[in-house]
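Notes follow the structure.
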Amino acid sequence: MKLTRSTLDLESRVLVMGALNVTPDSFSDGGKYADLESAVARAFEIEAEGADILDIGGESTRPGSKPVSAEEEMDRVMPVIEALRGRLRIPLSVDTTKSEVARAAIQAGAEVINDVSGLRFDPVLAEVAAETGAALVLMHSRGAPGMMHQAPPVDDVFAEVIGGLRRSIEEALRRGARRERIILDPGVGFGKTPEQNLQLIDKLDRVVTEFGLPVLLGTSRKSFIKHALDKAISGGARDDLRERVAGTAATVVIGVLRGARIVRVHDVGVMTAVTRMTEAVMAARP
């Protein structure tokens, strides 16, 4: 996939997208990288640990999070992107639902727009991608900003996800985005039941087959993992972080087996090894 300066090789191997949340209220790292110095240091760590893409987000999407203004979001992400410009070998992605933020980030050096709303909040994001040549990640979600996790689940999760992604693709193309620069994300954890999240991972190949576009899987440390393991494990020495990382690893393996071309993770070193080992086993098939 040709970007403005880089090329994403989505054919020869699965790409690892390292998540860097520069927010004070991230569900995964609790504002650990909210200041510029720690965020930049973590960006270099993510690259060194084997990531192929760095995804920087300035607005939390955790359950119950409050939306922030474009100005506040830019105050968080732009100093980091500007500090990294020309210093990383891997392309930068901006995790945003706002066209103003995306445009500024692309001008500062980002090459991918990662939109968790699938253009529902700001369709102009597709025009920014079209004008700049950035790749566009369209994620399936439902509900208003800050309420995407609270949307009541639907009966048929695949009909909902496939229908929603189709609408997002049509809107993106209508606004000039190039199909060959679109990546899809089924939105695991967003408005689905724990069981439906597991079903989406296990049958991810249905989404891959339906659209013939690269699919990104984002399961890292999400609450459905804890829900599944709380049901499966009783007693013993429990450790929430350890179990969420191990659970993430299992979902990455299955996602790769089912056709994911990008996995978005927080524990980059571990999940890079998990991804490459899964590919090694697949390559050994007679």
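So what is the diffusion coefficient of region 71-144 in µm² per second by Stokes-Einstein at 25 °C and 0.890 mPa s, using a Kirkwood Rh over Cα pairs? My calculation gives 200 µm²/s for D. Stretching residue 227 away from residue 156 to a fully extended chain increases their span by 23.5 nm, per 0.36 nm per residue minus the current alpha-carbon distance.
Under the simplified labelling scheme, the residue 257-residue 277 pair shows an inter-label distance of 1.4 nm, with each label point 7 Å from Cα along Cα→Cβ. Using Cβ point charges alone (K and R +1, D and E -1), the dipole size of the chain about the Cα centre works out to roughly 600 debye.
Inter-label distance, residue 75 to residue 284: 5.3 nm, where each label sits 7 Å from its Cα along the C-beta direction. Within the accessible area of the chain, what % is carbon and sulfur when the probe is 1.4 Å and the other protein chains stay in place? Solvent-exposed carbon and sulfur of the chain make up 53 percent of the total. Summary value for region 143-204: 47 percent relative contact order, contacts being C-alpha pairs under 8 angstrom separated by 6+ residues. Normalised by 2.2 N^0.38 Å, where N counts its residues, the alpha-carbon radius of gyration of region 94-211 equals 1.04. Which lysines have a Cα lying under 25 Å from the Cα of residue 192, excluding residues fewer than 8 positions away in the same chain? Within the straight-line limit of under 25 Å, residue 192 reaches these lysines: 66, 98, 203, 222, 226, 231. Inter-part distance, region 179-228 to region 85-108, computed on C-alpha centroids, equals 24 Å.
Considering only alpha-carbon pairs that sit under 8 angstrom and 6 or more positions apart, the relative contact order computed for the chain is 19 percent. Applying the Karplus relation 6.51 cos²θ - 1.76 cosθ + 1.60 with θ = phi - 60° to region 189-201 yields 3J(HN,Hα) values of x, 10, x, 10, 6, x, 5, 5, 4, 5, 5, 4, 5 Hz, where x marks Gly and Pro.
For the pair residue 210 and residue 246 in one chain, pulling the backbone fully straight at 0.36 nm per residue adds 10.0 nm over the alpha carbon distance.
Give me the net charge for the shell around residue 6: Cβ to Cβ below 11 angstrom, other residues only, Lys and Arg +1, Asp and Glu -1.
Net charge in that neighbourhood comes out at 0.
Taking only the Cα atoms of the chain, the ratio Rg/Rh comes out at 0.93, with Rh defined as the Kirkwood radius. Annotation: per residue accessible area for the chain equals 43 Å², rounded to a whole number [probe 1.4 Å, protein chains only].
In whole angstrom, region 54-100 maps to an equivalent ellipsoid with semi-axes of 21, 12, 8, each derived as √(5λ) from the alpha carbon gyration tensor and ordered largest first. Between residue 174 and residue 2, the contour length at 0.36 nm per residue exceeds the alpha carbon distance by 59.9 nm.
The values are calculated or read from the model by the stated rules, or taken from the named source; none is laboratory data. None of these values were measured; they are calculated from a predicted model. Cβ sites come from the backbone with ideal geometry, for glycine too, and all protein chains shown count toward neighbours. The area values use the complete protein model at the heavy-atom level, side chains included, leaving out ligands, DNA and RNA. Shrake-Rupley method; radii C 1.70, N 1.55, O 1.52, S 1.80 Å.
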